[in-house]
Structures are given as structure tokens and as C-alpha cells.
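Visitor: Below: one structure in C-alpha cells.
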Amino acid sequence: KTNDGLKPLYKYTLQSVVAIAFYILAKFFIPGFDTAISIPLLHIEIDIGWLYPILVYFMFTAGSNAVNLTDGLDGLATGLSMIAISVFVIFAIMNKDYDIAIGFMCFNYHPARIFMGDTGSLALGGFLAALAVLTRQELLFILIGGVFLIETLSVIIQVVSFKTRGKRVFKMAPIHHHFEMLGWSEQQVVISFWFLGFICGIIGIVLGVM
């Protein structure tokens, strides 16, 4: 009779299980799946061996939590996820991986009528990580999900600063709330962050095809 949900440790444990399960399933059931990563611009692949499953694990846990932190305003996380998913779908089409290209899109622009909560945002982050692995764009995942990275770093910076100096860097974290505290409307923040996410996606596509 409470809405506390799962404890952070339980959430992280389940994220870990999903990440490990994805890697195992991909390794044994996806033809041609290996432990090499593509280096943008250089057009080379480097086999990182046993480090690859660690990379996949980090992508899943970090990616899902980053989207979860971004999910604070109507349509913010889903809009950014749509942009990022579209970029990976383009990579999938370019690689003729049409099965991967059949992804899903969801939309809940302000005012939202369906709220994802942790269940939806964590799933979207994991889905983005999976697309990055399946399209062999693991390194570009950082750039394409640049806004999610910024949101996560804002939380880390805020916590570290407050615990070490007793001072806050931002008026409120994650950073989208900082802009709200500065007087921006919810729509202004969401659209501005979408635009930044779009720019990150375009740069990601350019680097991916060069």
C-alpha cells in the first residue's frame, strides 16, 4: 500500500541481470556478433576481447539511469529518446539490418497523459544501449545520448560539490530543473533540450558515415 517502488539496489541488480542476459543472448544468437568496436572517422575496428562485455554492461546500466534522470518534464526523456533511436535506426538501415530498424517510438508531449515513471525511462535507456550495440556504434552512443550524459553529469557535479564544499553548482539537479528555477517554462526547457539532442544526433550521423 505504498508507492515507494523498488529499492535502488534492487533496481541496479535487475539492470545488471538484463545487461548480462542481453550480452549472452546476442553472443549466441546473433550471427556475426563479436567483441570488436568501430572507431568513428578512422574506419577501423578494434577487438577489445573480454573488455567488451564490461562495456556492454556499463552502457546498459549507465544508459538506463541517464534516461531515468532526464525523465523529469513532460516529453523530455521520450522526445530525446525518439531522436536518439532515429539515429540508430538510420545506422541500422545503412547496415541493411532491417530487423533492427523496426524499432518503436513513443510520445508524451506536454501535457502528458501517460507517465512512464522509472519503468518506462529505464527501459528506454536499456533499449538505446541495445541499439548502440546492435548497430556497432558503441562509441557514438556517448555523443548521440549527449543530453542524457549532461543530465547525469549535472547530478554527479551537484552531489560531489555539495558533499565536499557544502555548495551547490546548480540551483537544482538534474540540470533541466536548474533552467526551470531560472524562470524558463517547461516547454522552453523541453524544446531547447530536444534541439540540443537533435544537434548531437546529426553530428553522430555525420561521424558515423564519414
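The values are calculated or read from the model by the stated rules, or taken from the named source; none is laboratory data. Bear in mind that the values here come from a model prediction, so they are computed numbers and not experimental data. We place every Cβ from the backbone using ideal geometry, glycine too, and count neighbours over all the protein chains shown. The protein model used for the area step is the full one, side chains on, heavy atoms only, and it has no ligands, DNA or RNA in it. Shrake-Rupley method; radii C 1.70, N 1.55, O 1.52, S 1.80 Å.
Visitor: With every protein chain present, what is the per residue accessible area of the chain (1.4 Å probe, Å²)? Intermediate results must be reported in sequence, preceding the final value.
Guide: Details: 11930 Å² over 210 residues.
About 57 Å² of surface per residue is accessible.
Visitor: Let me ask you something else. When only Cα pairs under 8 Å and 6 or more residues apart are kept, what is the percent relative contact order across the chain?
Guide: Details: 249 pairs, mean separation 51.4, N = 210.
Worked out over the chain, it gives 24 percent.
Visitor: So how do 150-160, 38-48 stack up, highest first, on mean other-Cβ count within 10 Å? Walk me through the intermediate numbers first.
Guide: Details: 150-160: 17.0, 38-48: 11.5.
Those peptides, ordered most packed to least, come out 150-160, 38-48.
Visitor: Summarise the accessible area of the chain (1.4 Å probe, protein heavy atoms) by the percent that is carbon and sulfur. Working shown, then result.
Guide: Values: 8390 of 11930 Å².
Summing carbon and sulfur atoms, their accessible area is 70 percent of the total for the chain.
Visitor: For a quick check of your reading of the filter: which chymotrypsin sites (Phe, Trp or Tyr not before Pro) in region 37-71 sit in a DSSP loop and have no more than 15 other Cβ atoms within 10 Å?
Guide: TRP50
Visitor: Chymotrypsin sites (Phe, Trp or Tyr not before Pro), restricted to region 112-176: which are DSSP loop and have at most 15 other Cβ atoms within 10 Å?
Guide: Numbers: sites: PHE115, PHE127, PHE141, PHE148, PHE162, PHE170; in loops: PHE115, PHE170.
Loop-located and lightly packed - PHE115.
Visitor: So how far apart, in nm, are the two label points at ALA123 and TYR10 if each is 7 Å from Cα heading toward Cβ?
Guide: 1.8
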